[in-house]
Amino acid sequence: MATDTNPRALALAAATARLNGRHWQLREGSLFEPVAGERFDLIVSNPPFVVGDGERRFSYRDSGIAGDGFCRALLAGIRAHLNPGGTAQLLANWIVRENSDWRERVGEWVAGTGCDAWVVQREIADPAEYVGLWLRDSGEADGSGTGVRELTERWLDYFDRERVRGIGMGVITLRRGDSDRGEVTLDELTGVGDDVTGPEAAAFLSRRAWTLGASDAHLLATRLSLSEHAVLEQRALAGHQGWTTVLRLLRREGGPGATVQLDEWGQALLGGCTGAVPLQLQIDLLAAAHGLDAARLAVAVLPSIRVAIARGLLHPVPD
Ligand SMILES: C[S@@+](CC[C@H](N)C(=O)[O-])C[C@H]1O[C@@H](n2cnc3c(N)ncnc32)[C@H](O)[C@@H]1O
């Protein structure tokens with residue numbers, strides 16, 4: 001099923017379907033109007049997400065709704081159209097106002113859906129960069145003279161009035177879980193090769209759901225193995241006693257994902273995760289070797305262990 005407001009887009013989609021031997025239902029209409037009352041296992045959207053004053057110059061780019069209202073409306077409608085366990089993935093842009101963190105606004109939108117969510121900001125552009133990007137994209141920047149200048153000024157004035165300090169661009173993945181209070185993770189990934197593919201997003205959401213469903217006792221009884229792609233980065237400062245490690249970051253080489261910060265016990269513990277023995281035994285051995293209290297050590301390291309599993313840095317080994 002594919003929908004669009006533009007009949008030409010639907011005609012081209014029909015041609016694409018025929019060329020690929022596919023049979024798609026194509027319906028004309030805005031947002032979810034053409035699918036009222038229907039639910040799906042997967043919804044994907046590359047919406048007209050470009051943030052502007054609401055003037056509609058290009059239908060592929062401008063929704064006609066001022067600011068980032070289109071993406072917000074799209075997100076607000078998604079849950080009602082997802083089957084339980086269903087996934088939605090969309091590209092989106094969001095306004096970042098002066099004196100605010102990018103996570104606030106988009107974080108509120110996705111929390112409002114009640115779905116589990118992974119928001120990845122791939123880039124944040126300042127207003128001038130953003131306007132330049134889309135004027136080049138549309139070819140308007142090639143136009144000569146006052147037209148482009150006026151357009152640019154109008155667009156930048158709008159951002160000024162709205163106190164926009166930047167526009168975040170990224171990918172949002174949602175999954176409709178059992179509860180209507182979803183878990184939301186907001187990441188900033190800017191590295192080359194940090195692509196958020198469908199399978200990667202699905203794997204992240206499943207791993208995170210596993211960690212949320214596992215009790216501490218279950219986790220301690222589980223054997224864990226460190227991913228072969230895990231890399232530990234350390235930062236040390238020199239002093240009278242030689243080098244002192246001040247930061248330990250575990251990350252996955254060649255894949256998207258935030259880093260997990262570890263303390264020295266977390267570092268030692270994860271380094272020993274070969275999948276051979278349950279986590280509890282690893283903790284007992286580490287505690288005994290350093291004269292520590294095993295129960296307190298467990299409480300201290302379990303949160304990072306959960307994050308490392310969700311991030312694909314540690315894998316539970318099936319029995
Ligand atoms: C960035 S283009 C994406 C085109 C194509 N679906 C793709 O992914 O390559 C955005 C599309 O959204 C359509 N569109 C604009 N406003 C819409 C609305 N209110 N409801 C549904 N589609 C809309 C435009 O006609 C355009 O085809």
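I'd like the full set of residues that are open to solvent by 70 Å² or more (accessible area, probe 1.4 Å) and closer than 21 Å to Trp210 by Cα, limited to the stretch 281-306. Answer for the stretch 281-306, where residues must be open to solvent by 70 Å² or more (accessible area, probe 1.4 Å) and closer than 21 Å to Trp210 by Cα: Val299, Pro303. Within the stretch 45-58, identify whether any single residue is touching a Lys or Arg at 6+ places or on another chain (Cβ under 8 Å), within 13 Å of the ligand (Cβ to nearest atom) and under 23 Å from Arg165 (Cα atoms), and answer yes or no. Yes, the stretch 45-58 contains at least one residue that is touching a Lys or Arg at 6+ places or on another chain (Cβ under 8 Å), within 13 Å of the ligand (Cβ to nearest atom) and under 23 Å from Arg165 (Cα atoms). The sole residue among Arg181, Arg248, Arg223 that is open to solvent by 60 Å² or more (accessible area, probe 1.4 Å), basic (Lys, Arg) and more than 23 Å from the chain's Cα centre (by Cα) is Arg223. The residues of the stretch 75-93 that are outside any helix (DSSP H, G or I), within 16 Å of the ligand (Cβ to nearest atom) and open to solvent by less than 20 Å² (accessible area, probe 1.4 Å), listed by number, are Ala88, Leu90, Ala92, Asn93.
Counting only residues that are surrounded by 13 or more Cβ atoms within 10 Å (Cβ to Cβ) and under 23 Å from Ala73 (Cβ atoms), which one in the stretch 7-26 is nearest to the ligand (Cβ to nearest atom)? Selected residue: Ala9.
Taking the stretch 152-178 as the range and being part of a strand (DSSP E or B) and surrounded by 19 or more Cβ atoms within 10 Å (Cβ to Cβ) as the test, the residues that pass are Val164, Gly166, Ile167, Gly168, Met169, Gly170, Val171, Ile172, Thr173, Leu174, Arg175.
Scanning the stretch 27-57 for residues that are acidic (Asp, Glu) and closer than 18 Å to Ile78 by Cβ turns up Glu33, Glu38, Asp41.
Looking at the stretch 59-74, which of the residues that are part of a loop (DSSP other than H, G, I, E, B) and away from the ligand (no atom under 13 Å from the Cβ) is surrounded by the most Cβ atoms within 10 Å (Cβ to Cβ)?
Asp68
The values are calculated or read from the model by the stated rules, or taken from the named source; none is laboratory data. Just so we're clear, the structure is a prediction, and the values are computed from it rather than from any experiment. Virtual Cβ from ideal backbone geometry, glycine too; neighbours counted across all protein chains shown. Keep in mind that these areas ignore ligands, DNA and RNA; they rest on the heavy atoms of the full protein, side chains included. Shrake-Rupley method; radii C 1.70, N 1.55, O 1.52, S 1.80 Å.
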